[in-house]
Ligand code: ATP
Ligand code: MG
């Protein structure tokens, strides 16, 4: 069982240099009483690193990344909202396909192979979760992860510190 905020914080420490160069601003608003998630820490971090990296890379201004969370009986939903270039509706369905990139002409520029979101989807599938996106061209995108809740009795926060690994 993991705390969402702990995973977000570790992911924030693993960002590429470009995130610093662009003075990326994070606004993390995850309530203290957000339920624990049942997830593999490193893999869930990887999902967030991929989303954060995209939020920085597909952005022409100072990136602002807002992270919020809410829950229902079975899932915790983590929203990662950016102020990037956005994604046209026609691309949204293919976004999670491997090697799919929206702007092929930028292929040579800033790295990407088009695997980041396919990997995110694979990891979310493996957890029994999902990843979805809502986007508006020129305004920004919000990726939502649904992550299974930890269903045990454990009263989280102290317990998790005991199991914590760095
Ligand atoms: P990789 O992640 O493998 O380095 P990539 O970033 O190109 O390469 P994905 O992360 O899978 O691949 O993203 C696929 C495409 O979706 C990107 O090339 C980009 O065009 C678009 N995209 C992804 N995230 C965003 C975002 N936050 N804002 C705007 N466009 C995005
Ligand atoms: Mg990517």
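Could you check which residue among 25, 17, 151 shows the biggest mean-square fluctuation in a GNM of the chain with a 10 Å Cα cutoff?
Residue with maximal mean-square fluctuation among 25, 17, 151: 17.
If contacts are Cα pairs under 8 angstrom and at least 6 residues apart, what is the relative contact order of the range 1-75 in percent?
Computed over the range 1-75, the figure is 47 percent.
Looking only at 13, 98, 57, which one moves most when the chain is put into a Gaussian network model with springs between Cα atoms under 10 Å?
Top of the fluctuation ranking is 13.
Restricting attention to the alpha-carbon atoms of the chain, what are Rg (one decimal) and Dmax (integer), both in Å?
15.8, 51
Which residue fluctuates most in the GNM of the chain (Cα springs below 10 Å): 39, 118, 55?
118
Only bridges with both residues in the range 23-98 count here: give the DSSP antiparallel percent, nearest 5.
Here the share of antiparallel DSSP bridges comes out near 60 percent.
Considering only DSSP beta bridges whose two residues both sit in the chain, what percent are antiparallel, to the nearest 5?
The antiparallel proportion sits near 80 percent.
Evaluate the relative contact order of the chain (contact order divided by residue number), counting alpha-carbon pairs under 8 angstrom at least 6 apart; express in whole percent.
Across the chain, relative contact order equals 26 percent.
Per residue and in cubic angstrom, what volume does the convex hull of the Cα atoms of the range 42-90 have?
Once divided by residue count, the hull of the range 42-90 is 107 Å³.
Based on DSSP H runs of at least 4 residues, each adding -39500 (n - 2.57), what is the mean residue ellipticity at 222 nm of the chain after dividing by all its residues, to the nearest 500 deg cm²/dmol?
Mean residue ellipticity, 222 nm, calculated: -9500 deg cm²/dmol.
How would 124, 44 line up from fewest to most surrounding beta-carbon atoms within 10 angstrom?
By the 10 Å Cβ count, ascending, the order reads 124, 44.
Quick note: the coordinates plus some simple rules give every number you see, no bench work behind them. As the structure is a computational prediction, the values presented were derived from the model and not from experiment. So basically every Cβ, Gly included, is an ideal-geometry build from the backbone, and we count neighbours across all protein chains shown.
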